[in-house]
Structures are given as C-alpha cells and as structure tokens.
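First the structure, in the form of structure tokens, and then the observations on it.
The values are calculated or read from the model by the stated rules, or taken from the named source; none is laboratory data. The shown structure was predicted, so the numbers you read here are calculated from the model rather than taken from an experiment. As a convention, Cβ positions derive from the backbone with ideal geometry for all residues, glycine included, and neighbour counts pool all protein chains shown. What goes into the accessible areas is simple: the full protein's heavy atoms, side chains included, and nothing from ligands, DNA or RNA. Shrake-Rupley method; radii C 1.70, N 1.55, O 1.52, S 1.80 Å.
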Amino acid sequence: MAKPNDKKTLVLLGTGWGSTTILKTLDTSNFNVVVVSPRNYFLFTPLLPSCTVGTTENRSIMEPIRHIVGRHNKDIRFYEAQCTDIDPKTKQLTLQTPDDTTAHISYDYLVVGVGGTYNTFGTPGVQEHALFLKEMHDASKIRRRLKDTIEKAAFEGISEEERKRLLHMVVVGGGPTGVEFAGELHDLISEDLRKWVPGLAKQVKITLIEALPHVLPSFDPKLI
C-alpha cells in the first residue's frame, strides 16, 4: 500500500452509473480520491418513468453519494460543483460551485463519467416546448404538467376541441424510457383517472412515435 504522501490523486467527474461503479470497486488506499459533481446523489434511472406518475416516490431512487461511499468504507472527498474546464497540460480542473464561486483542483488521473445530454436531432421547437426525461427534475416537471393538464381539461368552460388537445399525450421515442413512460401513463389513466374523473379518462389518447419500424430497436426482436 502506498504511503499517503506518495498517493496519486484520482478525480472522478460525475455520480452516475459509470463513476458510482468505479467508486464501489476502487481501492482508495492506493489513491487520493476526489469526486466532483453538481448532483450529490446517484439516480437509479430505470425507475425514473415511474416517478412521473407517482408509482415510485422520487427519494426512493435517489441515494446520496456519501451514503454509498460510507457503506463501502471508502475514503474520498466530494465536491458539489460543475467542472467547467479541463487543462490536460497542467492537469488542473476549473470548478464552479452552486454559489458561482470558482475553484481549481489538480489531478494525476481523471475519469470523466458525466453522461450525455438531451438529443433533439435538430427538430425545431423541441427544446422550447417538449418535456424531457433524464433527470429527477424532469420527472417532477412531467408530473406537475400532467396534473395541471388534467385539471385544466376538467373545466366545463373549455371547448371540446381544446379538451381533446389537452388530453392527447404524445411520447416521442420508442426506446426503453419512452415505452416505459407510455406504459406508466396508460396505467395512471386506466387505474386512477378512471376512478377520479371517469369522463375524462375515456377521452385520453396516448401516441407513441418511433422513427424505426418497431419500438425497442435495441432489443432482440424475439423479446418484442
């Protein structure tokens, strides 16, 4: 085992699947480990669609990164910050904290596990008007929008055309997230809305759009 002063500094950017997997298996006695992420928790994304309709509560799929580290007896430092610049020559990172303070840290080894971002495929209007589903705040936003839309559609003063528009839910993307969300939405309508507002439940329409010939294109066709 290396002496503390001899240990190299390993910086992990992100607290997603990649970085968390490394943390669980990394022998911190060999490195000075630093984790940097604006998100101080690990998010179990496969259950994210369930949070949009209340089947699963948000906190049940969020685990603080310090809990994960403590459970595995890992000796690390965690900084809640956004990495805004990487200088590979000086091996230095520029960090921006939540209060917009700028800080710098050095590293010997760097693991970038920040994940991806939304892909609009250049479609006009998507960024401005669509709702995405990748982070917890996305699920919360969808949940609020669903509630507001259903309540708005319940007003007697609106036209049938407007009510029909409000109750038409369009899911773009036939991958695992899109299919799972469409299924959760269907369950919400058939199991809950049918009891609460039976008249509206009958009018809800769900459309799933996928560019390829079938949904779940990454899966074996035999499973679809």
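Details
- Note on the chain: helix-only mean residue ellipticity at 222 nm, from DSSP H runs of 4+ residues weighted -39500 (n - 2.57) and normalised by residue number, equals -8000 deg cm²/dmol.
- 3J(HN,Hα) from dihedral phi, the stretch 26-36, Karplus parametrisation 6.51/-1.76/1.60, rounded to Hz, x for glycine, proline: 6, 8, 6, 6, 9, 9, 8, 9, 10, 10, 10
- Evaluating 6.51 cos²θ - 1.76 cosθ + 1.60 at θ = phi - 60° for every residue in the stretch 139-146, the Karplus couplings come out as 4, 5, 5, 5, 4, 5, 5, 4 Hz, glycine and proline recorded as x.
- Under Karplus coefficients 6.51, -1.76 and 1.60, residue-wise ³J(HN,Hα) of the stretch 118-131 in Hz, glycine/proline x: 5, 10, 8, 6, x, 6, x, x, 5, 4, 7, 10, 7, 9
- Dipole of the chain [Lys/Arg +1, Asp/Glu -1 at C-beta], most positive-end residue of Leu166, Thr117, Thr97: Thr97
- Taking all protein chains into account, the per residue accessible area for the stretch 65-148 stands at 70 Å² (1.4 Å probe).
- Between the helical axis of 176-187 and the longest alpha-carbon principal axis of the chain there is an angle of about 40 degrees.
- Placing Tyr41, Tyr107, Tyr79 in order of accessible area, with the largest value first and a 1.4 Å probe, yields Tyr79, Tyr41, Tyr107.
- Simple point charges give the picture: +1 on the Cβ of Lys and Arg, -1 on the Cβ of Asp and Glu, and for the stretch 13-142 a dipole about the Cα centre of about 320 debye.
- Pairs of Lys residues in the stretch 21-137, spaced 8 or more positions apart or belonging to different chains, with C-alpha separations under 27 angstrom: 4 in total.
- With all protein chains modelled, accessible area of Leu212 [1.4 Å, Å²]: 90 Å²
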